[in-house]
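Q: Handing you this structure, nothing more for now.
The values are calculated or read from the model by the stated rules, or taken from the named source; none is laboratory data. This one's a predicted model, so the numbers in the text were calculated from it and none came from an experiment. Neighbour counts are summed over all protein chains in view; Cβ atoms, including those assigned to glycine, are modelled from backbone coordinates with ideal geometry. The protein model used for the area step is the full one, side chains on, heavy atoms only, and it has no ligands, DNA or RNA in it. Shrake-Rupley method; radii C 1.70, N 1.55, O 1.52, S 1.80 Å.
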Amino acid sequence: PGVPKPAPADLHQAVAQGALVIFDGLDEVLVHLSEGGGLQFTDTILRILPPPEEGKPPSPSRVLVSCRTHFFRSLRDQRANLMERGRSDRSGENFGALVLLPFSDEQIETYLRHAFPDVDIERTLSIIRSTHNLPELLTRPYLLGQVGRIVPRLEQMRAAHGTIQGVTLYREVVRDWLDRDKAKSHIRPEHKLLLAEDLAAELWRRGQRLFPAQEL
């Protein structure tokens, strides 16, 4: 707030001087584009850095692109998207890949203490530890943020009903998730729930935790 939006010239100047340019959520854009459109989009955002020139030092700037780990179906697809199918001046040496690992118990507690200073953390941790499968779910950063926001609701439910089941937590998280993404999706929330229920039932029948994308 109060900071004017940068003009294109400001961005070019920052990149020339050495900047970290962050593009967050590549998958949320690519999912709405055709394969060709996705390749063109990725190529465009990566070209914010000037191309290397012989006899000149490389650009001091860097680009950070975030994406869900499972969005690309294979390393081949990922390489093709980032390196323009091998027809660009980019190679594997231009990239470094980082994977966000599951949080430890200590990291979960540290996050909750800093992100929700007004919440009774000891009480929250008690609810988390006494709810089936919840500690495992919270090792995933996105779900940790979601659950942290619905902890007050969980406390009210526990006071009213005496126990909280994993399905209760899932229901609250899914409701918040569907409400958040309603404006950027063309699939109705109730249809998403039907699909998720059928998929979960099929995984349970198969005794599997993963579903191949081609089969889906």
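Q: Which of the residues that make up the range 10-23 are open to solvent by less than 70 Å² (accessible area, probe 1.4 Å), farther than 10 Å from Leu49 by Cα and assigned to a helix (DSSP H, G or I)?
A: Residue satisfying the conditions is Ala14 alone.
Q: Same structure, new question: Looking only at the range 68-99, count how many residues are within 27 Å of Gln17 (Cβ to Cβ), open to solvent by less than 50 Å² (accessible area, probe 1.4 Å) and at pLDDT 80 or above.
A: Matching residues across the range 68-99 total 1.
Q: Can you name the residue in the range 45-57 that is over 17 Å from Leu20 (Cα atoms) and of a type in the set (D, E, K, R) and is also modelled with the highest pLDDT among such residues?
A: Among them, the one singled out is Lys56.
Q: Check Gly37 against each of (1) part of a loop (DSSP other than H, G, I, E, B); (2) open to solvent by less than 80 Å² (accessible area, probe 1.4 Å) and name the one condition it does not meet.
A: (1)
Q: Does Glu54 satisfy being acidic (Asp, Glu) and open to solvent by 80 Å² or more (accessible area, probe 1.4 Å)?
A: Details: acidic (Asp, Glu): yes; open to solvent by 80 Å² or more (accessible area, probe 1.4 Å): yes.
Taking the combined requirement at face value, the residue satisfies it.
Q: Next up: Residues being among the β-branched types (Val, Ile, Thr) and within 23 Å of Ala183 (Cα to Cα): count how many of those fall in the range 1-42.
A: The total comes to 2.
Q: Another question, if that's okay. If a residue must be outside any helix (DSSP H, G or I) and open to solvent by less than 70 Å² (accessible area, probe 1.4 Å), how many such residues does the range 24-34 contain?
A: Summing the residues that are outside any helix (DSSP H, G or I) and open to solvent by less than 70 Å² (accessible area, probe 1.4 Å) in the range 24-34 gives 1.
Q: Residues of the range 188-216 being surrounded by 11 or more Cβ atoms within 10 Å (Cβ to Cβ) and closer than 20 Å to Glu28 by Cα, which ones?
A: Passing the criteria: Arg188, Pro189, Lys192, Leu193, Leu195, Ala196.
Q: Working only within the range 111-140, note down all residues that are closer than 20 Å to Arg175 by Cβ, open to solvent by 50 Å² or more (accessible area, probe 1.4 Å) and modelled with pLDDT of 75 or more.
A: Answer for the range 111-140, where residues must be closer than 20 Å to Arg175 by Cβ, open to solvent by 50 Å² or more (accessible area, probe 1.4 Å) and modelled with pLDDT of 75 or more: just Arg140.
Q: Inspect all residues belonging to the range 58-67 and state whether any of them is surrounded by 10 or more Cβ atoms within 10 Å (Cβ to Cβ), in contact with a Gly (Cβ under 9 Å, 6 or more places away or on another chain) and modelled with pLDDT under 85.
A: Looking for residues that are surrounded by 10 or more Cβ atoms within 10 Å (Cβ to Cβ), in contact with a Gly (Cβ under 9 Å, 6 or more places away or on another chain) and modelled with pLDDT under 85, one finds at least one in the range 58-67, hence yes.
Q: Continuing with the same structure: Write out, first by first residue and then by second, each pair whose Cβ atoms fall under 7 Å of each other, whose residues are 6+ apart or on separate chains, and whose first residue, in the range 188-216, is within 20 Å of Val167 (Cβ to Cβ) and free of Cβ contacts under 8 Å to residues at least 40 places away in the same chain while the second is among the aromatic types (Phe, Trp, Tyr) and surrounded by 10 or more Cβ atoms within 10 Å (Cβ to Cβ).
A: Sorted first by the residue in the range 188-216, then by its partner, the pairs are Leu199/Phe211; Leu203/Phe211.
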